[in-house]
Structures are given as structure tokens and as C-alpha cells.
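Note sheet for the following structure.
The values are calculated or read from the model by the stated rules, or taken from the named source; none is laboratory data. All figures in this text were calculated on a predicted structure; none of them were measured in a lab. Reconstructed Cβ throughout: ideal geometry from the backbone, glycine too, with neighbour counts over all protein chains shown.
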Amino acid sequence: RTRGNVVSCWSFMFIKEIILDGFKSYATRTIISNFDKNFNAITGLNGSGKSNILDAICFVLGISQLQQIRVNNLQEIVYKQGQARVKKASVTIVFDNTDQKESPAGYEDYRELTVTRQVIIGGRNKYLINGHSAQQNRVQTLFHSVHLNINNPHFLIMQGRITKVLAMKPIEILGMIEEAAGTRMYELKKTAAERTIQRKQHKLDEIDAILREEIQPQLKRLRDEKTHYITWSQNNTEITRLNRFHTAYQYHSHLKMLHVGEEHRKEIESNLAKTTEETQTLQEELKEIDESISEMNREKDAAFKEQTEHLEVAAEESLKAVVKLTAVWENKRKTAREEGKSQENLLDSISELEKSLNEKRSEAKESIDGREHMETERNQLRERVSTLQSQQLGFAMSSDNSQDKGSLAKRLMDSRRSVTELASKLKTHQNQSKHLRASIAKNRNDLSTSSADHKQHRSEIDRHQKELKKLEAQLAKSGANPESKAELEREVYRLEDSVSRLRTQVEQLRGGLSRISFDWSPPSRNFDENRVKGLVAKLIHVKDSEFSTALEVAAGGRLYQVVVDTQETGKLLLKHGRLKRRVTIIPLNKIASRSLNDSVIRNAQNLVGKENVSLALSLIDYDQELEKAMAYVFGSTLVCRNMDVAKNVTFNKNVRARSVTLDGDSFDPSGTLTGGSKRAGASVLTRLGQLNEAEHRWKSEAQSLEKFKSQLNVVARRVAESEALVSKIELARHEISVLEERLGDSKFAHLEKQIEKQLDEAKEIDGEVSELGSELEKSKETVEELNRSLKDFEKEKKRKGKQIDEDIKKMKKSITKIEKDLKDVQRKAEMSEIEIKKMQDELANIIEQRDVSEKSLKTLEREEKEAKSAVSDAKKTSVDAKHKLDEFRKLMIERDLQIASRVKEHKAVSKRLEKRNHDMTNLQHELSRFDKSQLDAQTRVAHLEQENDWIESEKHLFGKPNTDYDFETMKQSQIAQRLEMLEQRQQELSSRINKKVMAMFEKAEQEYVSLTKKRKIVLKDKSKIQRVIEELDRKKNETLEATWKKVNKNFGSIFSTLLPGAQSQLQLVDPTSVLKGLEVRVGFANVWKESLTELSGGQRSLLALSLILSLLLFKPAPMYILDEIDAALDLSHTQNIGRMLKSHFARSQFIIVSLKEGMFNNANVIFRTRFVDGVSTVTRTIPNRNQ
């Protein structure tokens, strides 16, 4: 029965009776009968034969590993190995098989099954089923069908197996689960499949190696040789055919030339005279048209040229003015914003300078006050010194020269005073020069700092100048011409009108030909539309329109059928082409052409004359690939001039072909005539020809229109680019002027001017310093001279006026100190004056800049408003000028269209005149060539007949349509080129030809196809096996998952029954996959043990037994054999095992060997064994609780 994904067979087949005869310790026939359906126990003393009963059961079930029943060979099974006159061992088991639904396959009709196995010493081993001999595999199949596989005995539990369970690793425990689930067969099948894949891959590699190393290189070589051979053979045939065609063409041409004769000469002379007359007429007509065009151009120039130029100049000037004024306005606005920022910076600088200037003035005033006080004190000391010196001199000198000495001393004092004053002035000038140069250096440093901005402005000006030159060069190079643009616009207007008229004409013609419309869609992606050729009516061209009606009647409904390349294309078109009406398909590869043979056509032409009858197929032109389709439509009908001719041809016994007259009357050889009223208007083919001609002219005009539009776009783009360049040039020039003005008002320019001014001042001060130096040197020389004169007086003074000298010295020291301090003060004052002067100059300069900036800002704001107003006015003026120019150009285009019409007429007449002149020249040459060719043709005809015998038998075919000598279809020049190419190709191929290559290639290709098929089969088999492996893995995982969950549940239930208050589970080693293994976990009162070593020996035995029984419960067998599984357990646990077996395995038969009363007292039947006189015996008892 099926429960979820787990299949269990709850069989009721159980052991009723066991008969042992000569088996191990049972020497005589022993019958152990009346086995209980559920719970049987076997007990007895050691060595009494209780385990031999279990061995007997395993023996019948077909065990192959004899060690499990404690023997090494079958002879040891016989009682005392045959030494006690017992020569055979036999065991018979009788099974109850009353439940037919659970019976082994094939044994449903037997209420009991008797299985016997015998072993005869020195003889054979045999099986009996219900008394009939059976093979071992049949017996094993019987037991396998009820889950009794003795070679994998999950139903047989020995004591040693229990002790081994707890020592198992997680993978080994997983193996028990796999065994219970039956997934071992998946592994076996997977292993077998993988071996098969390896064999397939080996075979595949062998095939690939053969294909790659042998077959494919050979095929490639033979394919090339085959191609060369086929090409060589085809070329030979083609060369022979082309040589005949060439000879026939020459013969036919020369013969035709001879037949023309004198009539052709007269015809040429007549045509020459007629052409000469037409040439004179055309020349007069051309002269008249030239005069008309000249007159119209003069009128146009007189009326329009001057005004056009005036309007174009006005429009161009107004556009330039708009661009220029816009640029000026933008620059004015930008300059005004920059000037405003500059003015704010100047005001900040003025405020800072005024503050610094006031501070310097205060410092200078303090210095001046201190200097005046010190000068007053110094002058007083000098006067006192002078008085003492005068006294000293007067005291020392005599009365005779005292006056001279006093005068000398006075001169000395004056000279010294002059030296001091000159030195002071020189020092002042030097300080001024020093400070001025320092200021120059500072300004130069500032100039260097601002030079980057200056260079940037300068580079910007240079860049604009380069751009200006580049724009001017582009303007000169563009060569835009507004007049050519106007002419192209007029031509485009004319062509648009012509295309519109032709489109209307085409649509009208199409409207009258609705039946020839064929709308379809590609039936598949990447479909080659060339595979669908189209309607028959659109694929032909009627050579002469007088045959249109006849050809339309001849074709009938086939005229509207669709031609395709193959029948497959036709099927696709009908199925997926989304056709809007029903159509008939003509596939070129399948259609059977039915063209009249040449003899029938010759008979008809001989009957009524060649000019009165023609094959309908010969009256049309078509592509050569459509030959079969055209022959199918037109190949079986003749076209005749009138009804009499048609009647004679149709009903002649040598013709008997359908005929159609030029009026559309049809004659059929079966006797039917079709005709009557004529169709109003032109025929379909005539209208189709008109449509094709109109479409051709429409496409031609449309192409011319696109061409002129393209030219107009180019010219218009050039004119627009030229106008844009002019605007850019004006803008660049204005920007350059603005940048130059801005550069002149920059800080760099002001610093340059200031430095230049300071350099002039420094130069002037340097001149004054040089002059003061000269004067100082002269004064020093005068002082030295006076000192020498007074030297003697000084000696006297020292001798007589020591006191005065001491006073003078003291005073001079004071004077020296005062002068030193005075010099410091004076130097500071001079420095302050210089800095004040510098600040004043800088302040004046900045104020001047501020005034200029204010004035400039007001001017710029006013100019910005004026420029903005001017831009608005200029735009209005430009729009008006453009509108006037457009209106005037429309008038010019109308006049140009009139002139163009006459020009077109002039071209047409010129072309006709040129053609007539060319025709006249050709006729003159033709006349001279004709006389020469006549003689040459006679000679060549005779030579060709002599050299080629076949001409006589085939010359009637020369020039005939649909023959090998159809000179109209196959051009002589192409044939000659083809012949030369083929002969050259044959010379190249001759050295490489293998004439046996066809057979060799066919054999190699068969080998290649055979190996390729084998390879595909191997690949297909390999793919199937891989899919089988994947399916096996999937089923294995699903089965293992379901088995683990079921066994885990039973494991916990059984263990808690055997050991109340305990829990157990099979835990996954890896939570993500059961394939990593399982481990046993035990818990008491919901506290899980870390290791099984914490358990007692009895607990471990119960745990192992629970696991084994849970596996048995997952896949129940009809019976279970347990051999002393309670050996390590106490009485209470043994009783729990008995109760558990009754509760969990109520539908299986248990045969248990036990020595403990707690176990077998739970059994329904107890078999006790005894060993008496060397032979085992068995007695059956029932526990007292059941009596």
C-alpha cells in the first residue's frame, strides 16, 4: 500500500510449520507446527538447537553467505556431516497464503506455499515449491516479492548487529536509511549509467577522431577534385557549344549582310537625305528658341535684377546690423556690470588711502615741530660758539692782522654752513630718489602681479584676432552664392510640381488596374523577397503595343497568376503571406512548360507567311529565369493578323494550335471560337505599359528632385554658414575693440603710466643730486683751504684760549648731538613727506579713475539702453526686408519657371539635333562600310561552309528564338568573353583533373554520412543517460528525505516505549542536506545528551534496538527473526520490548530466540528445545496467561 512517498507491504503470509530432517542437530524428521501468526518465542538451554531453527529458516530462504548460519560449506549442514549414516539435510517451510491480495506474484491461487531445500552430500543442492523442482532465482524472486531478501536481511536481527549500530558513523547510519528506503538500487543504476556514458564517450571520441583525421580531410580533398572535374567537364561541353554559336553567328551575320543587298544601300541613302533635311529644320527651330530665351532673360534682368540685388543687400545688411547690434548690446551690458564692480573697488581704495594719509600727516606734523625746536637750539649754540671763536681769534691776533683773521674765520664759517646746507639738500634729494625708486620697484612688482591679467586680456585679444582671421579665411573659402541658391529653389519648385502631377497620373492608372495589385507580407523572419517574382502581367514587356490585346486574350487568367521560385515558397506564401485575395501560384521548379515546337511554328509561317503569324512567347521580353513560367502562359498560343489567318492556322493538320487575332478573337483546334464585341479603351497590357512608363518618369523626376533638394540643402547651408560667418566676423571685430578699450583702462595700464612718470621724476632728481654733489665738493675744497689758512691761528688759539676751546668743544658736542638728532628727525620728516606725496598722488590717481569710471559707467548705461533699442529696431527692419525679399523671389521663381520651360524645350531640340547629326555621320560611315563588307561577307561565308560541315544541317536554326542559336538572347560579345575565359580556365584545370574522383567521392561521402549518423545516435544516447542520472539523483534525495522523516518519527516512538521518559532522534549532520549523514541524539526529560557515552550499557542496547526496529517498521516484512537481542537487558526492559513488539508490529510474525522469561512470556506460542542423546527436539507450549 502507498502511504505518502513510502511504499509498505503489510503481507499476511506467515510461517505455519517447519519440518527439519538431517539438518544440523536435528538428525531425524522433526515437525515444528502451529506457529502463531504474530508472536513466537524459542527458548532452551545453550547448545540445545534453538538457533539451528533460525538457521533452517535462513537456509530455505536461500542465504548465500554461509558464515551467517555458522557453517563453511553446505556439507556441514548435514547432521554430523554425514558420518552418522545421514546423507542429506532437508528443511521445509509451510507458509499460510490465504490472503490472495498479498500473495507472491503467480501464487495467488495457493492457500498454502511449501518451500523445500535439500542438500545431499556429494550431490546437488535443490529447491522445491509445492513439491515441484525450482531454480534458486525463482525461489529468491518469490521471497523478494514479499520483502524477504535473505542476502540483505533487514528482518534478521542478531545480537552482534545491535552492538555494531552505536559504533556507526553518520554516513554508515545514512547507509541504513538508504537500505531501508531501497535507494541502493539508485546508486547501482547510476554507477551502471556512468559506466555506459564512459563507453559512449569513448565511442564518440573514436568517431570524432576518424572524422577529423581521416574522413573530413579526404572529403575536402575529393570535394575539391570533384568540383574541378565537374567544372572541367562542363567547360568542355560549354566550349564546344560556344564555338558553334560563334561560328553560326559569323555565318548568319555574313549571310544576312549579303541578303540585304542594294535595297539596304538605297535605304541608307534615303535615310541620309531625310536626316539632312531634319537637321536643317532643327537648327532653325533651335535658333528661334535661343532668341526667345535671350529676350526673356533680358526682360527678366531689366525688370528684376537691380531690385533683387537691392533687396538682398538690404536683407543682408539688416541681418548683419541685428547681429552686430546684438553683440554690441551684450558687450555694453557686460562692460557696464564690470565697470560697476570696478567703481566699488575704487571707492574702497579711496577710503583706505584717505585714512592712511591722515595718519601720515599727523606723524609728519609731529616730526616738523620737533625739528624746529632742535634747529632753534642748534642755532643758539652755533651763535655762542661763533662768539667764543671770535673772542678767541681776537684775543690771539695782533692788531695788525686781526681784521683779516676775523674775515677768514667768517668765510670759513660761511663755507662750513654752505657745506652743511648742501649736504642736507643732497641727502634729502638722495632720500627722495631712494624712496622714488622703491616706489617704482613696488609699482613694478604690482605691475608684475597684474601682468597675468594683462597677458590674459592680451592673449584674449590675440585669440579673437586669430579667430577673426580664421573666420575671414573661411568666408573667402566658402564661396557661397545666394544667386545659385535662388536658381536651385526655382528648380526644386518646378520639380515638385512635376512630381505631383506624375504621382496623380500614376495613381489614376493604378486605379484602373486594380486586378494587377498583389499585396503580401513576408511569411517568416529574414525571408528573401526575391523568391517571389510577382504577377505575370508585371513580369513581361510587350515588344509592340499592337499585340497587347492578343497577348492578353492568349494569357487569359494566367496573366494574373503569381510566379515564385519553388513550391515551398508558394506554400509559405499561401499559409503565412496574409494575402488579400485568392491567387494561383506558378512555382518555377515544378511548372511544366508547354511551348509549341519549332516545326509547328514553321508550318504555320509557311502556310500564311512569317509576318502574319508569331508565337505569343516571341512577342514579349522577360528575364531568362522566368522562361518556364512564360512558356507555360504564352508558349502554346499563336498570334495572327486577322480571323482568316487564325482559322487557316488553327485548323491546319500540320499546326492544330490555338490562335488569337490582334482584335482578341480566339480559335481553338477543338472547334470553339471566342470573340464578339471589343473591349472599350486600351487593353490591360497597354495600360500596364503606360503605367510602367509613367512610374519610370515619376521615379526619374523624384530622383532629380531629391538631387536638387540635396544640392539646395548644401548651397543653403553654405549661404547660411556664410551669413553666420559674416555675423561672427562683425561680432569678433567689435569684441576686439571692446577688449582693447578695457585693456587701456586696466590697472596694468595705469601702473605703466605711473612708472613712466616716476622714472621721469627720478631722472630729474638724479640730475639735481649730481649738481649738488659738484657744489658740495667745491665747498669742501674751500673749507679745506680756509682751514689751512687758519692753521696758524688755531695754534695760537690753543695756546692762549684753552678755556675758550673747552667751552667751544662742549658746545660743539652739544651741537653735534643736536645735529645728529636733527638729521634723524629730518630724515623721518622727509620720509613722511615722500610717503604723503606718494599717497596724495595715488589718491589723486584713484579719484581720477573713479571720476572716469563714473563717467564711463553713465555712458555705458546710456549706450546699453541705446543699443537695446537699436537691436529692437534692427530686428524689425530685418524681418521687413526678409519678407520683401521672399515675396519678390516668388515672382522671380514664376518668371524662372517660364524660362526653364523654354530651356527644357531648347535642350530637347538640341538633343534631337545632336542625335540627327550623329545619325547622319553614322549613315555616311555605314554607306562606306557597306560596300566593303559585301565583298568580305561573300569570302567569309564560303570559307565557313568549307571549314564546318555541320552548318549545312543546322543553318535553318540560326537566329531562331528558343534555340541554341538565339542571337537576340545571347549577345556575341558576351559569348566571346565567356569562350576566352573558359579556354584559359581549361588550361589551368587540365593538370589537376582526377577522372576517378566521382566514385571515390561517393564512397567517402557514404562513410561520412554513416559515421555522422552513428555520432548523432551516440550523442542522443549519452544525453538520455545523463537525464536518467539526474532523475535518479532527484528520486534518491526525495526518497531519503521521506524515509528519514518516517524512521525518525518511529525511532522516537519506539525508544520512548522501551524507555519511558526518554527521547531520541536522528539529527542531520548538515541541516541543508540529508546526504551528509545522520547522528543519534538522546534526551531525558527534554535535556539532550552531548554524547552517547553518557548512557548505560542497557540504555545503549535499547537505543540501538529502537533504531533497528524503526527501520523494520518503515518497511515491514511478513516475519522477523530476533536472536537473543535482550542479552544485555534487565527484566523490565525485556518486558517493554515484548509489549512494544505487540503494539508496533501487530501485522508481522516474530520468531524470537530468548533465554529471558520477560521476553518469551509475552509471546503467544513458546517452542522449547532440548538436546537428548545427541539429537535436538522441540515442544510447543502456550503461556498460562493465554490458557
The range 1047-1085, subset assigned to a helix (DSSP H, G or I) and not polar (S, T, N, Q), residue nearest to residue 1115 (Cα to Cα): 1047
Unmet criterion (only one of (1) in contact (Cβ under 8 Å) with a residue 40 or more places away in the chain; (2) farther than 30 Å from residue 659 by Cβ) for residue 568: (1)
Within the range 633-647, is even one residue within 23 Å of residue 517 (Cα to Cα) and either among the β-branched types (Val, Ile, Thr) or surrounded by fewer than 18 Cβ atoms within 10 Å (Cβ to Cβ) (or both)? yes
Note on the range 88-104: residues exposed (fewer than 15 other Cβ atoms within 10 Å of the Cβ) and part of a loop (DSSP other than H, G, I, E, B) are 98, 99
Where a residue in the range 837-859 is over 15 Å from residue 761 (Cβ atoms) and touching a residue at least 60 places away in the same chain (Cβ under 8 Å) and its partner, wherever it lies, is among the β-branched types (Val, Ile, Thr) and surrounded by 15 or more Cβ atoms within 10 Å (Cβ to Cβ), with Cβ under 9 Å and at least six apart: 843/350; 846/350; 847/350; 850/350; 856/335
Checking residue 592 against (1) small (Gly, Ala, Ser); (2) loosely packed, with under 14 Cβ neighbours inside 10 Å; (3) not in a loop (DSSP other than H, G, I, E, B), which single condition isn't satisfied? (3)
Restricting attention to the range 690-711, does a residue exist that is closer than 30 Å to residue 537 by Cβ, loosely packed, with under 15 Cβ neighbours inside 10 Å and of a type in the set (Asp, Glu)? yes
Checking residue 390 against (1) at pLDDT 75 or above; (2) surrounded by 13 or more Cβ atoms within 10 Å (Cβ to Cβ): exactly one of these is not met. Which one? (1)
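In the list 628, 610, which residue meets the criterion of being basic (Lys, Arg), more than 20 Å from residue 664 (Cβ to Cβ) and buried (at least 17 other Cβ atoms within 10 Å of the Cβ)? Step through it out loud before you land on a result.
Working: 610 fails: buried (at least 17 other Cβ atoms within 10 Å of the Cβ).
Of 628, 610, the one residue that is basic (Lys, Arg), more than 20 Å from residue 664 (Cβ to Cβ) and buried (at least 17 other Cβ atoms within 10 Å of the Cβ) is 628.
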Could you grab me the full set of residues in the range 39-64 that are over 23 Å from residue 1161 (Cβ atoms) and among the charged types (D, E, K, R)? 55
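Have a look at 1006, 987 and point out the one that is surrounded by fewer than 11 Cβ atoms within 10 Å (Cβ to Cβ), at pLDDT below 75, in a helix (DSSP H, G or I) and of a type outside the set (D, E, K, R).
Values: 1006 fails: at pLDDT below 75.
Answer to the check: 987.
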Would you call residue 773 more than 60 Å from the chain's Cα centre (by Cα) and either at pLDDT below 75 or of a type outside the set (Val, Ile, Thr) (or both)? yes
Just checking, which of 939, 969 is at pLDDT 75 or above, exposed (fewer than 15 other Cβ atoms within 10 Å of the Cβ), touching a helix residue (DSSP H, G or I) at 6+ places or on another chain (Cβ under 9 Å) and not assigned by TED's automatic domain parsing to the domain that holds residue 622? 939
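Considering only residues that are basic (Lys, Arg) and either without any contact (Cβ under 8 Å) to a residue 60 or more places away in the chain or farther than 20 Å from residue 942 by Cβ (or both), which ones fall in the range 238-255? Walk me through how you get there before you give the answer.
Within the range 238-255, the subset basic (Lys, Arg) is 241, 244.
Within the range 238-255, 241 is the sole residue that qualifies.
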Can you tell me which residues in the range 609-632 are hydrophobic (A, V, I, L, M, F, W, C) and in contact with a strand residue (DSSP E or B) (Cβ under 8 Å, 6 or more places away or on another chain)? 613, 615, 616, 619, 620, 626, 629, 630
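How about the range 347-363: which of its residues are touching a residue at least 40 places away in the same chain (Cβ under 8 Å) and surrounded by fewer than 18 Cβ atoms within 10 Å (Cβ to Cβ)? Full working, then the answer.
Within the range 347-363, the first condition is being touching a residue at least 40 places away in the same chain (Cβ under 8 Å), and the residues that meet it are 347, 349-350, 353-354, 356-357, 360-361, 363.
The answer is 347, 349, 350, 354, 356, 357, 361, 363.
Given the condition more than 60 Å from the chain's Cα centre (by Cα), small (Gly, Ala, Ser) and farther than 22 Å from residue 131 by Cα, answer yes or no: does some residue in the range 15-23 qualify?
Keep residues of the range 15-23 that are more than 60 Å from the chain's Cα centre (by Cα), which gives 15-23.
This time we only want the ones that are small (Gly, Ala, Ser), so: 22.
Among the residues that remain, those that are also farther than 22 Å from residue 131 by Cα are: none.
Checking the range 15-23: not a single residue is more than 60 Å from the chain's Cα centre (by Cα), small (Gly, Ala, Ser) and farther than 22 Å from residue 131 by Cα.
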In the range 105-148, what residues are closer than 28 Å to residue 79 by Cα, part of a strand (DSSP E or B) and touching a residue at least 12 places away in the same chain (Cβ under 8 Å)? 113, 114, 115, 116, 117, 118, 119, 120, 125, 127, 128, 129
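Can you pull out every residue in the range 523-541 that is assigned to a loop (DSSP other than H, G, I, E, B), in contact (Cβ under 8 Å) with a residue 40 or more places away in the chain, of a type outside the set (Phe, Trp, Tyr) and out of contact with any strand residue (DSSP E or B) (no Cβ under 7 Å at 6 or more places or on another chain)? Can you show your working first?
Just the residues of the range 523-541 that are assigned to a loop (DSSP other than H, G, I, E, B), to begin with: 523-528, 540.
Adding the requirement that they be in contact (Cβ under 8 Å) with a residue 40 or more places away in the chain leaves 523-524, 527, 540.
With the extra rule that they be of a type outside the set (Phe, Trp, Tyr), the set shrinks to 523-524, 540.
Of everything in the range 523-541, those that are assigned to a loop (DSSP other than H, G, I, E, B), in contact (Cβ under 8 Å) with a residue 40 or more places away in the chain, of a type outside the set (Phe, Trp, Tyr) and out of contact with any strand residue (DSSP E or B) (no Cβ under 7 Å at 6 or more places or on another chain) turn out to be 523, 524.
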